[in-house]
Structure formats: structure tokens, C-alpha cells
């Protein structure tokens, strides 16, 4: 009554509108709700190529990306997998390997498990000037080994900028959502970010749509069958004359 309606992504009115589609899971009592606008978009990670990071001011020169605050582990299994991967890294792969071996790669803060910080950023982040170049040591090692980064990195790191959430209804039916991770999902701290990539037009310059470039990640967050349903639906829209462009591009 007098208040402004808000679209699903939180923007006033239709300015931030996204198209969504739902599918019933072929194998379990679950509905999948998928952000088609983001998965059809040309977003790509621009770490080291214009990414300003998530500090309170522009910090492209630090090459920290979204690694400034470390990673929250989803649980003990996530931590164990990352610790095992860290054990395979050489000094040439990982700038802070000696610190990681001496003190461990994780710490517990308020009941949550996080990667340790070194000099204000994640212990796995190689800094400018390191021989292998800046960036996540786990990510770089995965690429060099020809495996998907999701096999080595913490869950939250390989999932970004995708976000999976779920709700269980009174009848036990589960609705799982796959969409883009926005600054509001970080809580109050997200509003302090000077820059966030899914809001930045310069990050939407990929040669392939997200549903193809992040196929491995989407499949891991759902299942091969669900991924094929998503891909088939998006491909069936190829001849659609009018699609809703991503809000970051509509704002230009």
C-alpha cells in the first residue's frame, strides 16, 4: 500500500528483473528454480583483467579479487578435501606453503571454519611478484593438471558467482534455487564492497554464455540430468527474438 514492489534480485521495480524457470527433478522430490537471465549472460571472471576486488575502494593493483577475506568452508569434508589438495602443492605453486604447513590452512572463528589470512588476504592467494604469478594457488594448480578447479578449491570459491540455496516446504518438498551471487548475499559486509562483479558491465564480456562456461560447476551443484534440462531449455530459446538482458547491461 504505497510501497514499491521489488523484483526477485532486490532492485526497485523492474530495473533489476531476471527471468526464472522451474523444473521438476527427474529423480527426487525437488523443484529446481534457475536464473535464466544470468545463465544466458556473457559474465566471466575478470581476475587480473580489470577486477577491482571487494575492498571498500578500488584495488585492482592488489590482484586479490574476491579473496581478500578468505573462504568459509561448508564443513569438515570441504576442509579435508582442500587440506589434501594443499598437501600436493609445491613451493613453486604456492607462495605461502611454508606458513600453511606450519600453522594449517584453516581457523575457526565463531564456530565457522575459514581459510587463514596472510597479510590481509587468503593464505592460498599468490600475490603480485610471485614466480607463478598472482591468483589462487589451488586454481592455478588445477588448470596446470588439467582438472576442474572445483576438485581442489573450497566449495564457496568454485561456486562463485553461482549461488545455490534451498527451502523445504511443510510437506517436505524441496525447492532448490541456482542464481547469481549478489553483494546482499554476503550480509551487511557486502554493502561495503566498492565493486562487485555481477553488477559490473565490464565483467560481461565472455565468449560463451555462463551455462556453457560454468557447465562443470552447474552440474556439480545439481546433477548431470538437471544440467541437461537447463541447457536444453536455454538452447530452445535460441531463436527467441526478445530476451531480458542482464540488469548490469541494461543499465548502460
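Coordinate-derived values only; no laboratory data. Predicted model only: the values in this text are computed from it and were never measured. Cβ atoms come from the backbone with ideal geometry, glycine included; neighbour counts cover every protein chain shown.
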For 67, 49, which order do you get if you count the other beta carbons within 10 Å of each Cβ and list the fewest first? 49, 67
Roughly how far apart, in whole Å, are the Cα centres of the range 123-171 and the range 35-62? 15 Å
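Based on the mean of other Cβ atoms within 10 Å per residue, sort peptides 181-187, 35-41, 59-65 so the most packed one is first. Don't skip to the answer; put the middle values down first.
Values: 181-187: 15.0, 35-41: 22.7, 59-65: 18.3.
Output ranking for 181-187, 35-41, 59-65: 35-41, 59-65, 181-187.
Taking the beta-carbon count within 10 Å as an exposure proxy, list 246, 139 from fewest neighbours to most.
Listing 246, 139 from fewest to most nearby Cβ atoms yields 139, 246.
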By average Cβ neighbour count within 10 Å, what is the ranking of 82-88, 69-75 from highest down? 69-75, 82-88
Gyration tensor verdict on the range 61-160 (Cα atoms; rounded if a/c is under 1.5, prolate if a/b is larger than b/c, oblate otherwise): rounded
Going 7 Å from the Cα of residue 225 toward and past its Cβ, which residues in the range 168-190 have a backbone nitrogen under 17 Å from where you end up? 174-176
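Residue 19 to residue 145: FRET efficiency via 1/(1 + (r/R0)^6), r the Cβ-Cβ distance, R0 25 Å, to the nearest 0.05? Don't skip to the answer; put the middle values down first.
Details: r = 37 Å, r/R0 = 1.48.
With R0 = 25 Å, the Cβ-Cβ based efficiency is 0.10.
For 188, 44, which order do you get if you count the other beta carbons within 10 Å of each Cβ and list the fewest first? Don't jump to the answer; show the numbers that get you there.
Values: 188 7, 44 19.
Going from least to most buried by this count: 188, 44.
FRET efficiency for residue 200 and residue 102, Cβ-Cβ distance as r, R0 = 35 Å, nearest 0.05? Numbers along the way, then the final one.
Working: r = 38 Å, r/R0 = 1.07.
Between residue 200 and residue 102 the formula returns 0.40.
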Summing -39500 (n - 2.57) over every DSSP H run of at least 4 residues in the chain and dividing by its residue count gives a helix-only mean residue ellipticity at 222 nm, to the nearest 500 deg cm²/dmol, of -6500 deg cm²/dmol
